[in-house]
Amino acid sequence: SPPNLCKGRVMQEWLAEKEWKRVIYCGDGGGDFEGAISVPAGGTICARKDWSLHKKLQERIAGGTAVRGEIQTWETQPELAALLGLQGAI
């Protein structure tokens, strides 16, 4: 993504557009953190296991700050596809 892209701001804009039935955010790097913590309650954060995003989310929770979305971890693209209900797509 471009260096000046704030994924948190983009997520807030998308969330304000309409009432989404389901919100899923997938990421792995530290640049995905602001977008991930913008996921509303009832949404899902798919974070690549043990990568920067996953570690930052764990640190946030350990520090006593909640994350609104449910965190699911993945290691491979087929695992991510399975989390998204896209088995066999990759």
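Values for this structure:
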quantity	calculated
Per residue accessible area in Å² of the chain, where ligands, DNA and RNA are left out and the probe is 1.4 Å	65 Å²
Note, ³J(HN,Hα) from phi for region 34-44, Karplus 6.51, -1.76, 1.60, rounded to Hz, x at Gly and Pro	4, x, 5, 6, 8, 5, x, 4, x, x, 10
For region 55-71, 3J(HN,Hα) per residue [Karplus equation, 6.51 cos²θ - 1.76 cosθ + 1.60, θ = phi - 60°, Hz, x = Gly/Pro]	5, 5, 5, 4, 5, 4, 5, 4, x, x, 9, 6, 10, 6, x, 6, 9
Where no second cysteine Cβ lies under 4.7 Å, the cysteines concerned in the chain	Cys6
Reported label for calculated Kirkwood radius over Cα pairs in Å given (i) 13.5; (ii) 13.9; (iii) 15.4	(i)
For Cys26, distant residues with modelled amide H under 5 Å away	Cys46
Loop-located GluC sites (Glu not before Pro) in region 40-90 whose Cβ has at most 14 other Cβ within 10 Å (DSSP)	Glu75
Region 9-90, accessible surface, carbon-and-sulfur percent (1.4 angstrom probe)	50 percent
Cα-based Lys pair tally, the chain, threshold under 22 Å, eight or more apart or on separate chains	5
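The values are calculated or read from the model by the stated rules, or taken from the named source; none is laboratory data. Keep in mind it's a predicted model, so treat the numbers as computed, not measured. Please note: Cβ atoms are built from the backbone with ideal geometry, for glycine as well, and neighbour counts cover all protein chains shown. In case anyone asks, the SASA skips ligands and DNA or RNA and just uses the protein heavy atoms, side chains included. Shrake-Rupley method; radii C 1.70, N 1.55, O 1.52, S 1.80 Å.
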